[in-house]
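The values are calculated or read from the model by the stated rules, or taken from the named source; none is laboratory data. Keep in mind that this is a model prediction, so the values were computed, not measured. Positions of Cβ are backbone-derived with ideal geometry, glycine not excepted, and every protein chain shown enters the neighbour counts. Note: areas computed on protein heavy atoms with side chains; ligands, DNA, RNA excluded. Shrake-Rupley method; radii C 1.70, N 1.55, O 1.52, S 1.80 Å.
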Amino acid sequence: MKFKLKATSIYEDGQRKDALGNPHQEDYIFPSESNLSDDARLFILCDGMGGHDAGEVASKAVCDAMSRSILCDGHNQEGVFTTEDFENAIDAAFRELDLKDTGAEKKMGTTLAFLKLYDKGAYIAHMGDSRVYHIRPGETRDDTEILHVTPDHSLINDLLKAEAITKEEARTSKQKNVITRAMQPGMDRRPKAEVYQTSDIKVGDYFYLCSDGMLEDPEMEDGSLIRNIFSEKMGDIAKKTQILKNVTKDNRDNHSAFLIQITEVTESTPTVGFSAQLEDGPAKEPASDVSDPGAAAMPMAVPTAVKPEETASPERTKQLNQESATASADKLKKKLTSLKVMIGGGIGIIVLLIGVVGYLAYSSGKETTDSVPHTQPVIKEKKNTPKEVKVDEPKKATIEQPIDKPAPAPAENQAAKPKETKENQVKPDSQAPRNQSQEAKTEAPAASPAPSSEKAEKAKEALSNMKKEGAGSTEGIVESDQNLKNDSTKKK
């Protein structure tokens, strides 16, 4: 956003005098009256407090430090300007105040009214009871709008909001000079400025910065006279400036002001102004001292960004509220529409991802099924084959178990064993009680006819007894076997 503008200033002493009878100006403005031009885009106004050689020191220190910080970063024209830039300037101002601190028990201090025109519109900030107005002139006073005015950080304003006092009582209260937020040196808890930003700027709009010394007239303080002065029928900026000087020339307090008229705007899409209220940092509450009208104690309080009711007539206030409500509703509808679009898009993406994942899973499963060989059922049948073998193996193990036998005969008699005939195989029958395994072996030959000779039976019985008892020599056993064979031969 680019601007062309006209700027004027007011810087007057007022009727208040110091102890020596001299005018005492504690306000300080940047740019100064001699350096002000239509090219300026930064405006700072400070109202100092704390007595002789203190208030003016504080106000000058803040103006100098903040302007150096901002302009050294190349922010003189309508370029980028951020909250970080502003906070850096505030930090520089507090450091400068600390350097100027004399160690006096009663600390000096200053208010702040701040305006920066930049690429997004207007950046407005304040601390204390110095004000910044955004005014849209109409043909008459009733048509003139005060789009925004900074709320005072003062005890009186807090009491009015709480309905603890009336407006009439506020005008005559002895606590009018007590402010609840200001910039001072050596603060353990530094207050934060209240910020308002807007891009709703049109050709003919005015920005008006002023210290509280400009608002001693009740009609100036409540805004009715300001709307009249800034209406179109009161002439151009030069005439308005002169009217303001005439209205405030008899004011007791020193006072200062800036009038900035926007004559041309190259803008992007305008947006509704919004208030960016920053919380206070940790700060001590200095004791109030209302005995000195030039000094102001500053108990900390949480600011409330609310337009005072007295800045517009009831009809205009109602109209503004309706317009604000309509704008808020439209803005909410746009946000809801955007949110619905975002949610719909998100759901669509999720559905698409689920489909892709499902397709990939299906493709992968199909490939796995197709890759299984057709001989797999055969392989499964073969796997069952070892079960039959396992059933037979225990039987083989039982049959092949070694049979308990008597000690083997001498080697010289081993050769006689192969000559055994079928008849000789009958002898295991008499050994059935020895073990079950041998019975299994001799079960088949039992069908052959046994020798009928009585002698053979006796020999067989004797041989069996000898084997059981382990008596007799091997030769006797062999001889008996031989006789048995001979008898069998004779019989045949």
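Structure summary
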| quantity | calculated |
| --- | --- |
| Protection proxy ranking, peptides 121-134, 254-267, 164-177, average beta carbon neighbours within 10 Å, highest first | 121-134, 254-267, 164-177 |
| Calculated P(r) tail over 20 Å for the stretch 1-67, as whole % of Cα pairs | 36 |
| Directionally averaged projected area (convex hull, Cα atoms, the stretch 53-96), nm² | 3.1 |
| Listed pairs Lys116/Lys334; Lys202/Lys240; Lys4/Lys202; Lys100/Lys249 exceeding 23 Å between Cα atoms | Lys116/Lys334; Lys100/Lys249 |
| Charge dipole of the stretch 1-94 about the Cα centre (unit charges at C-beta), most positive-ward option of Phe86, Phe30, Leu5 | Leu5 |
| The stretch 8-156 - convex hull of the alpha-carbon atoms, volume per residue in Å³ | 156 |
| Solvent exposure, largest accessible area first (probe 1.4 Å, DNA, RNA and ligands not counted), of Thr180, Thr337 | Thr337, Thr180 |
| For the stretch 145-265, alpha-carbon Rg over 2.2 N^0.38 Å | 1.20 |
| Gyration tensor over alpha-carbon atoms, the stretch 96-214, equivalent ellipsoid semi-axes in Å | 29, 22, 11 |
| Cβ-placed point charges (K, R +1; D, E -1), dipole of the stretch 1-135 about Cα centre in debye, nearest 20 | 340 |
| Phi to ³J(HN,Hα) by Karplus 6.51 cos²θ - 1.76 cosθ + 1.60 over the stretch 137-143, Hz, x for Gly, Pro | x, x, 5, 10, 4, 5, 8 |
